Amino acid sequence: MKRESLSGLLLIACAILAMAISNSPFGPVYDHWLQAPLPAGTHMSLLHWINDAVMAVFFFVVGAEVKREFLYGELKSRSAAMLPMAAALGGMLVPAAIYSVFNAGLPTAGGWGIPMATDIAFSLGVLSLAAPRAPRSLVVFLTALAIVDDLGGIVVIAVFYAGALNAPALAGGLVVGLLMLAACRRNWQQPWLYAAGGILIWLAFFYGGIHPTMAGVLTGFAMPAVPGKDGREGLLLRAEHALTPVSAFLIMPIFALANAGIRLDLSGLSGLLSAPGLGIFAGLVLGKPLGIGLAVWILVSLKKASLPDGLTMRHFWAVGLVAGIGFTMSLFIAGLAFPASPVLMTAKTAIIAASLTAAVLGGFIVNRISQ
């Protein structure tokens, strides 16, 4: 948990720094550097390179975590996985429904995926800092829930936020993916093989209309987790161990610096009262705990699952609020839902306001319950 605590604090610091710069005399320079095209032959700005290329490493770590949890972790057993999986599903559907109620029939209706997300590093960091005496089973539950939530977010991004599809490019990516899976089945452990395959899939997705960061997820899924013939730890676990600190302490802070720069003026804050602002805020702060708590309560009431030792329903309502810290994934989805739109700044403001509210209230309540 120490890593999650430090990563969460660093994310907060970078978000505050981005807002401070954006609201200072250096704000126009900050915006210019992010939006100016880089001379790389693709007409992509620095912001696009961060969100489309650098974040592929973050999504690789997410994919590796999901695969590891299903193979060896809390999601391996069907009975143990049922509670966090149902809670994650409830914690995605209810926020999306709340957002849709506020934005029904409006051009902003497509942002329903924004409040579905949970920032695993931020939420675990808040839990460890605010409630160091929280039961270990609660930490395990939140971790498993956030991983399933990430998997749901990946599906939403790939299916609902894709652009116009280019069949030949995607077919090429499919061939590369199948070759990587074949290499995984043969337990080939060469890192360069999967790195090269991941880059080719990134290019295929970039030109094929699917967000290219999904190449990181597929690369994580395709890597072998079993030990190699030399007895060394599986390539997936070695890559995850090597890249998790890079993702937590370099890539996610860079993403926060590039994406959390919101203007704290009257027009920016008034956006919180608009349909997308209210939908995002209510979805994260109200929808997350409601969806998670209801899902757990229904399963337990139907005797399909039992509460972990030492936990009561109060713990799940409270940790559901902590799960309302959307931040990284919510900001990412907002950029896909509202690209080059004035609504994007409203969405960012609502995400940051909701995440801070969920962090403060959720951390306080979990702390009181755990004493």
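From the alpha carbon centroid of region 12-37 to that of region 138-207 is 31 Å.
Model label points for Phe70 and Val175, set 7 angstrom from Cα along the Cα-to-Cβ axis, are 2.6 nm apart. Projecting label points 7 angstrom from Cα along Cα→Cβ for Leu9 and Phe364 puts them 2.2 nm apart. With a Förster radius of 25 Å applied to the C-beta separation of Ser341 and His43, the computed FRET efficiency comes to 0.85. Evaluating 6.51 cos²θ - 1.76 cosθ + 1.60 at θ = phi - 60° for every residue in region 106-114, the Karplus couplings come out as 9, x, 8, 4, x, x, 4, x, 5 Hz, glycine and proline recorded as x.
On the beta carbon distance between Arg232 and Val155, with R0 = 35 Å, the FRET formula returns roughly 0.60. All other residues whose Cβ lies under 15 angstrom from that of Gly90 are scored, Lys and Arg at +1 and Asp and Glu at -1, for a net of +1. Computed extension length for Ala36-Ala242: 71.0 nm, one decimal, from 0.36 nm per residue of separation with the Cα-Cα distance subtracted.
Amide H contacts for Ser45 (H built 1.01 Å from N in the peptide plane; partners 5 or more residues away or on another chain; cut-off under 5 Å): Leu38.
Under 19 Å of direct C-alpha separation, and excluding same-chain neighbours fewer than eight residues apart, Lys288 reaches these lysines: Lys348. When the Gaussian network model of the chain links Cα atoms closer than 10 Å, the mean-square fluctuations of Ala15, Ala354, Ala167 top out at Ala167. In a reduced charge model with +1 at each Lys and Arg Cβ and -1 at each Asp and Glu Cβ, the chain shows a dipole moment near 820 debye about its Cα centre. Taking every C-alpha pair closer than 8 Å and separated by at least 6 residues, the mean separation divided by the residue count of the chain gives a relative contact order of 29 percent.
Using just the helices of the chain, give the 222 nm mean residue ellipticity in deg cm²/dmol: DSSP H runs with n ≥ 4 each add -39,500 (n - 2.57), and the total is spread over all residues, rounded to 500. Don't skip to the answer; put the middle values down first.
On the way: 18 runs with 255 residues, N = 371.
When only DSSP H runs of four or more count, the value is -22000 deg cm²/dmol.
Of the peptides 138-147, 299-308, the order by per-residue mean of other Cβ atoms within 10 Å, starting with the highest, comes out as 138-147, 299-308.
Over region 202-293, what is the relative contact order in whole percent, taking alpha-carbon pairs under 8 Å and six or more residues apart?
Result for region 202-293 is 10 percent.
Each of Pro212, Ile157, Phe316 was placed along the dipole of the chain (beta-carbon charges, centred on the mean Cα), and the one lying farthest toward the positive end is Phe316.
Values in this text are rule-based calculations from the coordinates and carry no lab data. Computed from a predicted structure; not experimentally measured. Positions of Cβ are backbone-derived with ideal geometry, glycine not excepted, and every protein chain shown enters the neighbour counts.
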